[in-house]
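Below is one structure; the comments refer to it alone.
The values are calculated or read from the model by the stated rules, or taken from the named source; none is laboratory data. Because the structure is predicted, anything quoted here is derived from the model rather than measured. In this analysis, Cβ positions are derived from the backbone assuming ideal geometry, glycine residues included, and neighbour counts consider all displayed protein chains.
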Amino acid sequence: MASARVFIFDSDQAAAARYEPALANLEPTELAVVSDLTAAHKLLAAESFDGLVVAIRSAEGTELELIAAARQTDGEVPAVAVCDKPTAENALAALKLGGVDFLTPPLDDDVLARAVDRMLGARRAEAENALLRRQAGRPYVFDDMIGTCAAMRRVFDIIAQVADSGVDCLIHGETGTGKELVARSIHTRSKRADKPFVPVDCGAIPDNLLESEFFGHERGAFTGADKREIGLLEFADGGTFFLDELGELPLLLQAKLLRTLQERRIRRVGGRMEIPVDVRVVAASARNLEEMVDDGRFRRDLYYRINVVRIDLPPLRERGDDLGLLAERFAAKYSRDMGRTIHGLSPEAYQVMSQYAWPGNVRELQNVMRRAIALSTDTLIGPDDLPESLVTQAGRRAARTPPTAGKGATSSTSPGPADVGYFHLRDEHLAKFEKQYLSDLLTRHQGDIKAAAHEAKLPRGTLYRLMKNNDIEGGQFR
Ligand SMILES: Nc1ncnc2c1ncn2[C@@H]1O[C@H](COP(=O)(O)OP(=O)(O)O)[C@@H](O)[C@H]1O
Ligand SMILES: [Mg+2]
C-alpha cells in the first residue's frame, strides 16, 4: 500500500501524543490524530481512511459511534478499539459493530502497532480478494456455504468475526436457509472446534423426554430409567450446543436452560450431584422469537441471554443470482453422483425457477435439482424436468409482478420524471456519473490503480470498492 491513511481518536490528549511514535515503524502510514469529538465527526464525514483507531474512555463506549459514522460512507472500513478499562457494555458494543479488533490491557506500543498492521493487512487483502473474485468470476464460498449477494457476505463476515469470541449466537431464518451450516461453521472456527458440536432439534423431542435428554438421568429416576444416562448438555461439555428450533422449547425447560447457562452446572434428573458444564449456545429459529417474547410464549431473560449476536439468513428468493450459482453447483454435484452428463440449466428452466418463491429455500432447491437430474433426458435441464407445482406457482407469481418491476427484467425505456421521484432520479444520475468517472479515470491511467487513486485523491481500497460496485476491472483498461 503506497501510504495507508489511519484515523485515530483519543479524547485524552496526553495519550493521543503516543500514537505517532508507537506506529513509527509501520509501513508508510499517514496518521490523522484527533482528540475533539466534533472535529472527529467532521473529519470522518469529509475524508476516507483505510483504518480507524478509537480509544474508548467512557464506560458505555460512546466513542464507538465514530466507527459507525465512518461506515456510513465506507461500510467495510476496519477498526481497532483501544480500551484501558474494558466493560462488558463496551466490549459488546464493539462486537456488535463487527470488524472491530478490541484491545484490552496490557496495552503497549508493540501490541498497538501489531493491531494496526493487522488491520491494514486485512484491508489490503479484502481489496485484493474482491478483485480476484471478480476476475475469476467464481462464486464466493465460505466453509460449505455458497453466496455472493450482499446479505450472505454480511453473514460470512459476522461468522468470521464472532466465531472465536465464544459468545452465544441466535440464527434467524426460514426453513432450509442454512441455519445449521452457519452453526457448524461458527463451531469449527472457534476454540471449541475439537470438542463436540451437539445439535438438538427442540421441536422433534416429545416434551416429557426433553428434560432427561438435556440433563440426563440417574438410574431409577423414573419408570424405565434402568441405567444412568448422560444428557446432551453434559455431552457437549467444552463444545457447542446447537439448539435448533429454539422457539419450540417449552417454558419450563426454558427456565432450566437459563439456570444452566447462568450457573454453568447441571443436575441429572433424579440426581443430587451438581455437575459443571461449559457450553456455548448457538440457537436457531424459523419463528419470530421477539414476537413470542411479547406474547409471553418465550422467556425474555433467556432470549436476551442467547441473542448476544444475531445472524439473519435471507430467504433464497431474496438472494438474487445466488439462486443460479447454487442451482448449477447442485446440478453438477448430483449429475456426478448419478453418473449422468448434464451440463446445467436451460435459460427457460432458470427463468421459471427465478419466478418461484422457494418456501423451502436451499433445501427445496437441492431436492428439485436432484429430481431434475434423475428425470432429465437431455444434456440441459428444461422446465419439463421441474415439478409441475413449481411451474404453475412461478407462473402465478410472474403474473402478479408487473414486467418492469422484477429483478433482471429488461426495459428499454428508463422511467421518466413523471413516474419516479427525486431520489430515484438522483441515484440514477449519481450512478451514471460514478461509472463514467471511474472509466475515464482508469482510461487516463491505463488501469494503473495506484496512479488513478492518486489523481482521484482516494485511498486505493476505496477505489477498488467503487470499481467493484460498478463492475469495473482495472484489467479492462490495460
Ligand atoms: N449457502 C449454501 N450453500 C450451499 N448449501 C447450502 C447453503 N445453505 C444451505 N445449504 C444446504 O441446504 C440444506 C439445508 O440447510 P440447513 O442448514 O439444514 O437449513 P436450516 O437449518 O435453516 O433448515 C443443507 O443440505 C445445506 O447443506
Ligand atoms: Mg435445520
Is it fair to say Arg336 is in a helix (DSSP H, G or I), exposed (fewer than 14 other Cβ atoms within 10 Å of the Cβ), more than 16 Å from ligand 2 (Cβ to nearest atom) and not polar (S, T, N, Q)? yes
Checking the condition at negative phi and within 16 Å of ligand 1 (Cβ to nearest atom), which residue from Lys179, Lys191, Lys195 passes? Lys179
Looking at this structure, is Leu325 within 20 Å of the chain's Cα centre (by Cα), surrounded by fewer than 20 Cβ atoms within 10 Å (Cβ to Cβ) and within 18 Å of Glu364 (Cβ to Cβ)? yes
For the range 1-23, give me each residue that is closer than 18 Å to Val82 by Cα and without any contact (Cβ under 8 Å) to a residue 60 or more places away in the chain. Ile8, Phe9, Ser11, Asp12, Gln13, Ala14, Ala15, Ala16, Ala17, Glu20
How many residues are hydrophobic (A, V, I, L, M, F, W, C) and out of contact with any strand residue (DSSP E or B) (no Cβ under 8 Å at 6 or more places or on another chain) if we restrict to the range 258-282? 2
Would you be able to tell me the number of residues in the range 208-255 that are on the phi < 0 side of the Ramachandran plot, more than 16 Å from ligand 2 (Cβ to nearest atom) and not in a loop (DSSP other than H, G, I, E, B)? 20
Got at least one residue in the range 26-44 being among the small types (Gly, Ala, Ser), in a loop (DSSP other than H, G, I, E, B) and under 24 Å from Lys457 (Cα atoms)? no
Pick out the one residue from Phe330, Phe298 that is within 13 Å of ligand 1 (Cβ to nearest atom) and of a type in the set (Phe, Trp, Tyr). Phe330
Hey, can you tell me all the residues within the range 193-224 that are in contact with a Lys or Arg (Cβ under 7 Å, 6 or more places away or on another chain) and over 25 Å from Ala286 (Cβ atoms)? Phe215, Gly216, His217, Glu218, Arg219
Out of Met338, Met353, I need the residue that is among the hydrophobic types (A, V, I, L, M, F, W, C), over 32 Å from the mean Cα position of the chain (by Cα) and modelled with pLDDT of 85 or more. Which one? Met338
Counting just the residues of the range 342-354 that are touching a helix residue (DSSP H, G or I) at 6+ places or on another chain (Cβ under 7 Å) and surrounded by fewer than 19 Cβ atoms within 10 Å (Cβ to Cβ), which one comes out farthest from Ala394 (Cα to Cα)? Gly344
Would you tally the residues in the range 46-67 being farther than 23 Å from Arg114 by Cα and part of a helix (DSSP H, G or I)? 3
Keeping to the range 68-91, report how many residues are in contact with a strand residue (DSSP E or B) (Cβ under 9 Å, 6 or more places away or on another chain), outside any helix (DSSP H, G or I) and more than 25 Å from Arg305 (Cα to Cα). 6
Looking only at the range 186-209, decide whether some residue is in contact (Cβ under 8 Å) with a residue 24 or more places away in the chain and more than 24 Å from Met145 (Cβ to Cβ). yes
Residue that is surrounded by the fewest Cβ atoms within 10 Å (Cβ to Cβ), among those in the range 279-308 that are within 16 Å of ligand 2 (Cβ to nearest atom) and in a loop (DSSP other than H, G, I, E, B): Arg287
